[in-house]
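Below is one structure, written out as structure tokens; comments come after it.
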Amino acid sequence: MEYRFVEKPAFLFAGVSKRIPMQFEGVNNEILKLAQSITPVQQEEMHRLQNMEPCEVVNVSYESDTNFLAEAGELTHMIGVLTTIQDVPDDLEVFSVKAHTWAVFPNEGIFPFTLQDTMARIYSEWFITADYELAEAFSFSFTKMKEEKPNYAYSEIWIPVTQNLDCI
């Protein structure tokens, strides 16, 4: 499984969010509705705030009722950008993130299957063998659809990790 580590200072996610049902497979229609609810003004504000890599609109999943361990309950889903700018307009929400080491998992293939399969493999394979553990129970990702290939995308999953000191 391909991955790399990235060190990031503390930052904010700024965007729009809502509570949605947990869904492990397929397209979550509540995320589509959330994306469709973003106004042109909010899009402009997010573009103005965005000042950190990855310079993409990201999907952030946090505050899961089940700590992401079961396909039950709800989670908070945000569509937004990474920023260090503290002055965020009132029509955008903010999720603060501490400085972390991030394990970044690029993946490419049929969307959303490849993204979801990679996420499942991170937890069922990578964490079991890696000298790292989850730092906080949230993650973010971005997806770039390939125009020349229908339902095909490049994505990255970013997960905050800490080195497992028991393995050293």
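The values are calculated or read from the model by the stated rules, or taken from the named source; none is laboratory data. Remember, it's a predicted structure, so these values are computed and weren't measured experimentally. Ideal geometry is used to build each Cβ from the backbone, glycine not excepted, and the neighbour counts take in all protein chains shown. Remember, those area values only see protein heavy atoms, side chains included, never the ligands or the DNA or RNA. Shrake-Rupley method; radii C 1.70, N 1.55, O 1.52, S 1.80 Å.
In terms of its C-alpha gyration tensor, the range 9-53 comes out oblate, because a/c is 1.5 or above while a/b does not outweigh b/c. Only Cα pairs under 8 Å and 6+ residues apart enter the sum, and on that basis the relative contact order of the range 102-168 stands at 45 percent. Here the accessible area of the range 76-116 is 56 percent carbon and sulfur, with a 1.4 angstrom probe and all protein chains present.
Alpha carbon centre of the range 146-162 versus the range 1-50: separation in Å? Cα centroid to Cα centroid, the span is 13 Å.
If you put +1 on each Lys and Arg Cβ and -1 on each Asp and Glu Cβ, how big is the dipole of the chain around its Cα centre, in Debye rounded to 20? So the dipole magnitude of the chain works out to roughly 200 debye. Give the accessible surface of the range 11-125 per residue, rounded to a whole number of Å², with probe radius 1.4 Å and ligands, DNA and RNA excluded. Each residue of the range 11-125 exposes 52 Å² on average to a 1.4 Å probe.
Can you classify the range 17-163 as rounded, prolate or oblate using the Cα gyration tensor, where a ≥ b ≥ c are the square roots of its eigenvalues, rounded means a/c under 1.5, and otherwise it's prolate if a/b beats b/c and oblate if not? In terms of gyration-tensor shape, rounded. If the segment from Asp166 to Glu148 were pulled out straight at 0.36 nm per residue, it would be longer than the present Cα-Cα gap by 1.8 nm.
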